[in-house]
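Take a look at the structure below.
The values are calculated or read from the model by the stated rules, or taken from the named source; none is laboratory data. These numbers were taken from a predicted model, which means no experiment stands behind them. Note: ideal-geometry Cβ built from the backbone for every residue, glycine included; neighbour counts use all protein chains shown.
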Amino acid sequence: MRRGKITNTPVELTELGFGAAVVGNLYRVTPAHDAAAAVEAAWDSGIRYFDTAPHYGLGLSERRLGAALRDRPRDEYVISSKVGRLLVPNERPRGVDSEGFVVRDDLRREWDFSRDGVLRSIEGTLERTGLDRLDVVYVHDPDDHWKQAAEEAMPTLADLRDQGVIGAIGAGMNQSAMSARFLRETAADVVMLAGRYSLLDQSSLDDVLPAAAEHGKSIVAVGVFNSGLLSRDRPAEGMKYDYQDAPVELVARARAIADVCEEHGTTLPAAAIAFPFTHPSIINVTLGMRDRDQVTRNAGLHSRPVPGGLWADLRARGLIRPDVPETHTHEEGARCP
């Protein structure tokens with residue numbers, strides 16, 4: 001699997017990444033054997049970038065990912081985690097986590113982007129994963145905490161990066177405007193951008209993607225299925241878009257894009273995975289994968305080149321923005337052997 005380098009850092013990411021939120025029991029229980037099998041299948045498919053966070057299952061994702069990778073050669077993979085939510089004892093547990101993960105709530109999350117909070121968070125992640133270092137660290141969902149995240153967390157991470165403790169630093173969130181600020185105004189090397197450069201949403205062309213190009217920085221794309229609407233060959237009513245029920249007009253647009261994909265001999269989910277690479281600043285697409293079957297499917301979709309004429313056709317029909325770049329690393333004949 002090809003790799004892309006986070007600009008101005010030693011860190012290289014495989015084009016496809018493994019998002020470990022779902023193995024932290026996001027929305028429903030993922031049995032431990034399924035989580036372990038998913039990581040094994042990802043490794044077998046050539047994936048060498050794995051992303052987790054304390055937020056995911058109150059540490060369960062980190063524990064499972066660390067255990068699954070512990071016997072792998074440490075220099076052969078890249079792991080990222082996040083800071084901003086400290087895990088602290090929950091004095092008033094109710095039995096189950098209230099933030100979307102099916103886990104006991106013996107711990108709770110506490111927002112903290114201070115220097116001490118960053119250092120404590122990284123220490124906790126290393127303890128839970130059992131690993132000796134993190135390759136990439138993002139400030140996680142700093143939307144309501146810009147000042148502390150930009151003025152305390154990022155300088156702390158920059159110190160660790162400059163000391164060689166961390167390979168690359170950045171920010172991860174759903175919005176693109178603040179992501180652009182991190183690239184322009186802080187020491188961030190990379191942002192993890194969720195859902196804002198997809199077949200249904202190219203709003204990041206207005207801010208973060210130009211910022212990345214201007215400052216020579218990199219983007220990791222996540223949420224490329226927009227919570228599910230782009231994950232099937234034929235989108236259906238009742239599917240999710242950005243965590244909510246998809247509006248009727250978006251379902252219709254997704255179906256129209258699916259029709260064009262079919263005309264070009266590909267599928268909507270294959271195109272959804274390939275689309276972010278139309279922009280040269282995007283070096284990786286990371287997908288949440290719960291079990292071996294999901295990994296096998298997504299790795300297979302990624303491995304199939306998308307016909308180069310698809311993007312031009314979608315532009316011509318007004319289904320994607322006219323300023324989507326012309327080039328694409330997944331066009332037929334463009335992949336490395």
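The numbered conditions (1) surrounded by fewer than 22 Cβ atoms within 10 Å (Cβ to Cβ); (2) within 18 Å of Val78 (Cα to Cα); (3) touching a helix residue (DSSP H, G or I) at 6+ places or on another chain (Cβ under 6 Å) are all true for Glu123 except (3).
Check whether at least one residue in the stretch 87-105 is of a type in the set (A, V, I, L, M), assigned to a strand (DSSP E or B), more than 14 Å from Val139 (Cα to Cα) and touching a residue at least 12 places away in the same chain (Cβ under 8 Å), and report yes or no.
Of all residues in the stretch 87-105, those of a type in the set (A, V, I, L, M) come to 87-88, 96, 102-103.
Narrowing the set further to residues that are assigned to a strand (DSSP E or B) leaves 87-88.
Filter again for more than 14 Å from Val139 (Cα to Cα), leaving 87-88.
Add one more test, that the residue is touching a residue at least 12 places away in the same chain (Cβ under 8 Å), and what stays is 87-88.
Checked against the condition, which is being of a type in the set (A, V, I, L, M), assigned to a strand (DSSP E or B), more than 14 Å from Val139 (Cα to Cα) and touching a residue at least 12 places away in the same chain (Cβ under 8 Å), the stretch 87-105 yields at least one hit.
For residues in the stretch 258-273 being touching a helix residue (DSSP H, G or I) at 6+ places or on another chain (Cβ under 6 Å) and of a type in the set (Val, Ile, Thr), which is surrounded by the most Cβ atoms within 10 Å (Cβ to Cβ)? Checked the stretch 258-273; the qualifying residue surrounded by the most Cβ atoms within 10 Å (Cβ to Cβ) is Ile273.
Within the stretch 26-49, not a single residue is among the charged types (D, E, K, R) and part of a strand (DSSP E or B).
When Arg315 is evaluated against the numbered criteria (1) modelled with pLDDT of 95 or more; (2) part of a loop (DSSP other than H, G, I, E, B), which criterion, by number, is the only one it fails? The one condition Arg315 does not meet is (2).
For the stretch 144-196, the tally of residues that are within 18 Å of His215 (Cα to Cα) and not in a helix (DSSP H, G or I) stands at 14.
Among the residues of the stretch 286-318, those identified as under 24 Å from Val78 (Cβ atoms) and of a type in the set (Gly, Ala, Ser) are Gly288, Ala299, Gly300, Ser303.
Taking each residue of the stretch 40-52 that is within 21 Å of Met192 (Cβ to Cβ) and looking for partners that are modelled with pLDDT under 95 with beta-carbon atoms closer than 6 Å, six or more apart or interchain, yields Gly46/Met1. Hey, among Ser231, Ser227, which residue is small (Gly, Ala, Ser), surrounded by fewer than 23 Cβ atoms within 10 Å (Cβ to Cβ) and outside any helix (DSSP H, G or I)? Matching residue, one of Ser231, Ser227: Ser231.
Of everything in the stretch 53-75, what is among the aliphatic types (A, V, I, L, M) and either in contact with a strand residue (DSSP E or B) (Cβ under 7 Å, 6 or more places away or on another chain) or without any contact (Cβ under 8 Å) to a residue 40 or more places away in the chain (or both)? Give them in sequence order.
Our first condition is that a residue be among the aliphatic types (A, V, I, L, M); within the stretch 53-75, this holds for 53, 58, 60, 65, 67-69.
Once the filter is applied, which keeps residues that are among the aliphatic types (A, V, I, L, M) and either in contact with a strand residue (DSSP E or B) (Cβ under 7 Å, 6 or more places away or on another chain) or without any contact (Cβ under 8 Å) to a residue 40 or more places away in the chain (or both), the stretch 53-75 yields Ala53, Leu58, Leu65, Ala68, Leu69.
Which residues, taken from the stretch 274-300, are in a helix (DSSP H, G or I), buried (at least 20 other Cβ atoms within 10 Å of the Cβ) and either among the aliphatic types (A, V, I, L, M) or without any contact (Cβ under 8 Å) to a residue 12 or more places away in the chain (or both)? Once the filter is applied, which keeps residues that are in a helix (DSSP H, G or I), buried (at least 20 other Cβ atoms within 10 Å of the Cβ) and either among the aliphatic types (A, V, I, L, M) or without any contact (Cβ under 8 Å) to a residue 12 or more places away in the chain (or both), the stretch 274-300 yields Ala274, Val295, Ala299. Annotation: of all residues in the stretch 10-39 being over 28 Å from Ser218 (Cα atoms) and either without any contact (Cβ under 8 Å) to a residue 12 or more places away in the chain or hydrophobic (A, V, I, L, M, F, W, C) (or both), the one that is surrounded by the most Cβ atoms within 10 Å (Cβ to Cβ) is Ala35.
Would it be correct to say that Ser204 is touching a residue at least 60 places away in the same chain (Cβ under 8 Å), polar (S, T, N, Q), touching a helix residue (DSSP H, G or I) at 6+ places or on another chain (Cβ under 8 Å) and closer than 30 Å to Pro269 by Cβ? Here the answer is no, as Ser204 does not meet what is asked.
Candidates are the residues of the stretch 99-138 that are among the acidic types (Asp, Glu) and more than 24 Å from Pro155 (Cα to Cα); the one that is farthest from the chain's Cα centre (by Cα) is Asp106.
For the condition surrounded by fewer than 16 Cβ atoms within 10 Å (Cβ to Cβ) and either among the aliphatic types (A, V, I, L, M) or in contact (Cβ under 8 Å) with a residue 24 or more places away in the chain (or both), what is the one hit in Val165, Val190? Lay out the reasoning, then the answer.
Working: Val190 fails: surrounded by fewer than 16 Cβ atoms within 10 Å (Cβ to Cβ).
Exactly one of Val165, Val190 is surrounded by fewer than 16 Cβ atoms within 10 Å (Cβ to Cβ) and either among the aliphatic types (A, V, I, L, M) or in contact (Cβ under 8 Å) with a residue 24 or more places away in the chain (or both), namely Val165.
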